[in-house]
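Beneath this line is the structure, given in structure tokens, with notes to follow.
The values are calculated or read from the model by the stated rules, or taken from the named source; none is laboratory data. All values reported here derive from a predicted model rather than from experimental measurement. In this analysis, Cβ positions are derived from the backbone assuming ideal geometry, glycine residues included, and neighbour counts consider all displayed protein chains.
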């Protein structure tokens, strides 16, 4: 109690009334950790009997197993680090419609997007710079991150109907997963064991449709699953305030489209195939999303024309075969092919801006190909040891890239052109001849010292042909004092190499990978009707890649430190009511200035209650995002905190395979804004004056208000 009271003082902020309520709930959980099975065995049997037929009330206090942390199947509370597993059915019962929305239920993760609509997950105060990601994103264990930007937008837009579960590692994961497993790892496990169809709609003309088919032949040991989905949403009628053109030295407000509506249309489609025959596995995935141009690449609001401005498409094919020469040895070779395409058709600056009577227009296309192969080996022949070794190689190359524009960027004065012209070579927007080769080795030993204690020692070595070598170690220990009391400690290192976009748009042309070192201490308390978790962490980051001096100029600028705590509890209040609460605090500070790192909130919290009766489930969830710090040269005060309430009702028609769901997001219609950063005023450059930093959008990036949705699914 005294420790947590002191901890709040460190936050240098007064938590809101409901944040205090969250803290009191968590304190009540921690204060009663020594309580034994108060209700007794008879009550336990009664509760389980009451929940029978309701899938344990939407996957209740279960001991989840996962392979994401060590590649061997273990109880999620026994693996190194902190793992969160989100079940698809439970997520939809709580109103999450996409993977991105589901991440809001994970302690320490904040959902956001950048100025052009790229989905961003801020983890423990760590955020990505413009057009770059900081998490390894997998679908059924297959990495989706592109080399262009390290992003995987379509995965975060995947509808929950396609999801069986989501596994999330909070903290460094490079010891197993290498590049981009910097702030965490997300593995989306798709639905493979159910056959269903679904359709839905909602506010802003949102429409969704899809289905999953699965079949299995035990005699031939074959299994097939196919999942198809598509959804789209029109403009949300969100209006942006005054943009950067109001803030330049020579104001261009007269030609600005702001204030005005943003184009935030979104479209998603996917086709997923999983086929297994004996020990042979084939995975094929196509994920595609299109969207509008949101607030504009240069923070100048584009014209209100509708239509697609950006498109991202990921395609991949993975083959693997499992060999078991003896009971102690598993060998699994694999081969993979991936293709990623990015295209855009945007207005950088509006009609009439400066010397551009037609505006500053840009089109572009990019295609990359990845080929990878490797062998994974598991050996358990030595008593107490479970050894993992992998060797892999990946080759990435840009297959095509070009830019078309009516502005010649090679000219210091950015002269306009009479018509659109295609640019390649040094005037392209990315290196069209870029190639990257990565050779990797992973070694790991899970050593069971006793029935209570397990140590994990691992290391990954990656050799890049363009950005050097990297070693990512991990040392962890798990001590199970009893089945109810579990203690963990872990030290881990991770890295993020510069993306192709960052390398090309760097004045230095020699950016180093970002690195992070994290120490974690965790305690888990489990009872038959509840689980409590608390974790302390300390991270040091080096060589942060940031945009500096210009929106498209990247460099290694500074180092930072993060200190934080995460606490969560999940418990049954009765046989028909379940409580989920989490609260996290992370303080990211610049090592040189001791100022808070801009962008991410220090305080995050969620309070949710689900109630189940017969064929109906009702849920209400309260999400809190604390205030967010500004950049050192930003004259605005911190961006204010906000909280939203969402409700969902689920009804299963008796004696039927039909399920109906409906929900309202942001029920109270609270104002939600994502932070808009400082940017560069380029207008003085036209007369030879030095550039200066200005506020991009004074009113930040407003988000849609209250909206509703409905959905129907049929199992067959």
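Looking for something under 29 Å from the mean Cα position of the chain (by Cα) and at pLDDT below 95 - is there at least one such residue anywhere in region 408-429? Step through it out loud before you land on a result.
Taking region 408-429 first, the residues under 29 Å from the mean Cα position of the chain (by Cα) are 429.
Still in the running and at pLDDT below 95: 429.
Among the residues of region 408-429, at least one is under 29 Å from the mean Cα position of the chain (by Cα) and at pLDDT below 95, which makes the answer yes.
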Check: On the given criteria, is residue 144 within 24 Å of residue 505 (Cβ to Cβ) and in contact with a helix residue (DSSP H, G or I) (Cβ under 6 Å, 6 or more places away or on another chain)?
Finding: yes
Checklist line | Output for region 608-638, where each listed residue is touching a residue at least 60 places away in the same chain (Cβ under 8 Å) and in a loop (DSSP other than H, G, I, E, B) | finding: 626, 627, 633, 634, 635, 636
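For region 595-603, does any single residue satisfy the condition of being outside any strand (DSSP E or B) and modelled with pLDDT of 90 or more? Even if it seems obvious, please write down each step before you answer.
Applying the first criterion (outside any strand (DSSP E or B)) to region 595-603 yields 595, 597-600, 602.
Checking which are modelled with pLDDT of 90 or more leaves us with 602.
Checked region 595-603: at least one residue is outside any strand (DSSP E or B) and modelled with pLDDT of 90 or more.
In this structure, does residue 381 turn out to be in a loop (DSSP other than H, G, I, E, B) and either more than 25 Å from residue 296 (Cα to Cα) or touching a helix residue (DSSP H, G or I) at 6+ places or on another chain (Cβ under 6 Å) (or both)? It would help to see each step written out before you state the result.
On the way: in a loop (DSSP other than H, G, I, E, B): yes; either more than 25 Å from residue 296 (Cα to Cα) or touching a helix residue (DSSP H, G or I) at 6+ places or on another chain (Cβ under 6 Å) (or both): yes.
Here the answer is yes, as residue 381 does meet what is asked.
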Check: Residues in region 239-250: is at least one over 26 Å from residue 313 (Cβ atoms), in a strand (DSSP E or B) and in contact (Cβ under 8 Å) with a residue 60 or more places away in the chain?
Finding: yes
Next item on the list: Look at region 345-368 and say how many of its residues are within 35 Å of the chain's Cα centre (by Cα), part of a strand (DSSP E or B) and touching a residue at least 40 places away in the same chain (Cβ under 8 Å).
Entry: 11
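Only residues that are within 12 Å of residue 554 (Cβ to Cβ) and in contact with a strand residue (DSSP E or B) (Cβ under 8 Å, 6 or more places away or on another chain): list them for region 473-500, please.
Across region 473-500, the qualifying residues are 498, 500.
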Item checked: Pick from region 150-192, criterion in contact with a helix residue (DSSP H, G or I) (Cβ under 6 Å, 6 or more places away or on another chain) and farther than 18 Å from residue 101 by Cβ, ranking: surrounded by the most Cβ atoms within 10 Å (Cβ to Cβ) -> 181
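I want to confirm something. Restricting to region 420-463 and keeping residues that are part of a strand (DSSP E or B) and touching a helix residue (DSSP H, G or I) at 6+ places or on another chain (Cβ under 7 Å), which single residue is farthest from residue 493 (Cα to Cα)?
From region 420-463, those part of a strand (DSSP E or B) are 420-423, 435-448, 453-463; that's our starting set.
Okay, now just the ones that are also touching a helix residue (DSSP H, G or I) at 6+ places or on another chain (Cβ under 7 Å), so 442, 458-460.
Details: 442: 14, 458: 11, 459: 9, 460: 10 Å.
In this case the residue turns out to be 442.
Just for strands (runs of 3 or more DSSP E) wholly inside region 146-221: which have at least 1 residues that are over 30 Å from residue 539 (Cα atoms), touching a strand residue (DSSP E or B) at 6+ places or on another chain (Cβ under 7 Å) and without any contact (Cβ under 8 Å) to a residue 40 or more places away in the chain? Explain how you work it out, then say what you get.
Details: elements: 163-170, 184-190, 196-202, 206-217.
Of the strands (runs of 3 or more DSSP E) lying wholly inside region 146-221, those with at least 1 residues that are over 30 Å from residue 539 (Cα atoms), touching a strand residue (DSSP E or B) at 6+ places or on another chain (Cβ under 7 Å) and without any contact (Cβ under 8 Å) to a residue 40 or more places away in the chain span 206-217.
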Item checked: Residue that is nearest to residue 402 (Cα to Cα), among those in region 471-509 that are in contact with a helix residue (DSSP H, G or I) (Cβ under 8 Å, 6 or more places away or on another chain) and buried (at least 24 other Cβ atoms within 10 Å of the Cβ) -> 495
Note to self: So, residue 691, is that one crowded, with 21+ Cβ neighbours inside 10 Å, touching a residue at least 60 places away in the same chain (Cβ under 8 Å), within 20 Å of residue 243 (Cβ to Cβ) and in contact with a strand residue (DSSP E or B) (Cβ under 8 Å, 6 or more places away or on another chain) or not?
What the structure shows: no
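Name the residue that is surrounded by the most Cβ atoms within 10 Å (Cβ to Cβ), counting only residues in region 327-351 that are over 30 Å from residue 310 (Cβ atoms) and touching a strand residue (DSSP E or B) at 6+ places or on another chain (Cβ under 9 Å).
Restricting to residues being over 30 Å from residue 310 (Cβ atoms) and touching a strand residue (DSSP E or B) at 6+ places or on another chain (Cβ under 9 Å), the top hit is 334.
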Margin query: When you scan region 390-407, do you find a residue that is at pLDDT below 95, out of contact with any helix residue (DSSP H, G or I) (no Cβ under 6 Å at 6 or more places or on another chain) and outside any strand (DSSP E or B), even just one?
Written below: no
Item checked: Positions within region 298-308 being surrounded by fewer than 24 Cβ atoms within 10 Å (Cβ to Cβ) and either over 18 Å from residue 241 (Cβ atoms) or touching a helix residue (DSSP H, G or I) at 6+ places or on another chain (Cβ under 6 Å) (or both), in sequence order -> 305, 306, 307, 308
Item checked: Residue under evaluation residue 270, criteria (1) within 26 Å of the chain's Cα centre (by Cα); (2) over 21 Å from residue 207 (Cα atoms), criterion not met -> (2)
Check: Quick check: is even one residue across region 542-559 modelled with pLDDT of 95 or more and either surrounded by 17 or more Cβ atoms within 10 Å (Cβ to Cβ) or on the phi < 0 side of the Ramachandran plot (or both)?
Finding: no
Check: Is region 428-445 home to any residue that is farther than 30 Å from residue 143 by Cα and touching a residue at least 40 places away in the same chain (Cβ under 8 Å)?
Finding: no
